[in-house]
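**Q** Before we start, here is the structure in question, set down as structure tokens.
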Amino acid sequence: MRWLRPFAVTALCASLAACSTSPTGRSQLLLLSDDQLNQMGQQAFAQYQRDVPTANQASHRYVQCITNAIVEDRLNEADCEPGFLLDGYPRTLAQVEALDALLSDNDQSLDAVLELVVDDEELIKRLLKRAETSGRTDDTEEVIRERQAIYVRETAPLAENYRERGLLVGVDGEGDMDEVTERIEQALAKAAAN
């Protein structure tokens, strides 16, 4: 099995990652991060904002539609056939439904959904350090805490959805990168074996 590069693992902290192997049983994973998906959709959304600059609620629904379409297009590419790992998608129950429908249409299903569990204060500390080392001036403690509140409100319910379906695999996301990477690899190997 080809595993993720270590830097990709850090992006998963306190998030969900959906993963699937191909129907043939091969289990190479292609990481599709939310950053990559966002880059793919930036141009389409920028055009929409120019066309409809005041439609806040509509723009949220439009962003969801764009995101779902980008994921669908990307997962239909040949390099995703052996398997994939989605980092940062889905983030809402509507996106879960869209992903389920897409996978069903393609005779695929998720093998597992990883949830990296990190203490809130540790996560805030990590994100503040990332802001400092990478010059992300928009990552203030207030902004990070608001993102965490949004996560609890909108994304955390997905964990329960996937837990009920027997797909959720909790992974301790605390410790150094090598430790967390090893835990993720073990969790993915166990999911692939089932």
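**Q** Could you identify the single residue in 116, 127, 103, 93 that is within 22 Å of residue 183 (Cα to Cα) and in contact (Cβ under 8 Å) with a residue 24 or more places away in the chain?
**A** 116
**Q** A follow-up question, please. Take the stretch 172-189 and flag every residue that is free of Cβ contacts under 8 Å to residues at least 24 places away in the same chain and either part of a helix (DSSP H, G or I) or closer than 18 Å to residue 88 by Cα (or both).
**A** Passing the criteria: 179, 182, 183, 186.
**Q** Answer yes or no as to whether residue 186 is surrounded by 15 or more Cβ atoms within 10 Å (Cβ to Cβ) and among the polar types (S, T, N, Q).
**A** No.
**Q** Of all residues in the stretch 46-81, which are open to solvent by 50 Å² or more (accessible area, probe 1.4 Å), part of a helix (DSSP H, G or I) and modelled with pLDDT under 80?
**A** 47, 49, 50, 51, 56, 57, 60, 61, 62, 63, 65
Matching residues to (1) polar (S, T, N, Q); (2) surrounded by 13 or more Cβ atoms within 10 Å (Cβ to Cβ):
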site: 121; (1), (2): no, no
site: 137; (1), (2): yes, no
site: 148; (1), (2): yes, yes
site: 151; (1), (2): no, yes
site: 155; (1), (2): yes, yes
site: 160; (1), (2): no, no
site: 167; (1), (2): no, yes
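**Q** OK, next. Can you name every residue in the stretch 123-135 that is surrounded by fewer than 16 Cβ atoms within 10 Å (Cβ to Cβ) and assigned to a helix (DSSP H, G or I)?
**A** The answer is 125, 128, 129, 130, 132, 133, 134.
**Q** Looking at residue 142 and the list (1) assigned to a helix (DSSP H, G or I); (2) acidic (Asp, Glu); (3) surrounded by 13 or more Cβ atoms within 10 Å (Cβ to Cβ), which single condition is not satisfied?
**A** Condition (3) is where residue 142 drops out.
**Q** Regarding the stretch 163-171, can at least one residue be identified that is part of a helix (DSSP H, G or I) and not acidic (Asp, Glu)?
**A** yes
**Q** Out of the residues in the stretch 82-109 that are of a type in the set (A, V, I, L, M, F, W, C) and modelled with pLDDT of 90 or more, state the one that is surrounded by the fewest Cβ atoms within 10 Å (Cβ to Cβ).
**A** Restricting to residues being of a type in the set (A, V, I, L, M, F, W, C) and modelled with pLDDT of 90 or more, the top hit is 101.
The values are calculated or read from the model by the stated rules, or taken from the named source; none is laboratory data. Treat the numbers as computed from the prediction; the structure is a model and nothing was measured. Positions of Cβ are backbone-derived with ideal geometry, glycine not excepted, and every protein chain shown enters the neighbour counts. Areas reflect the complete protein model, heavy atoms only, side chains present, ligands, DNA and RNA absent. Shrake-Rupley method; radii C 1.70, N 1.55, O 1.52, S 1.80 Å.
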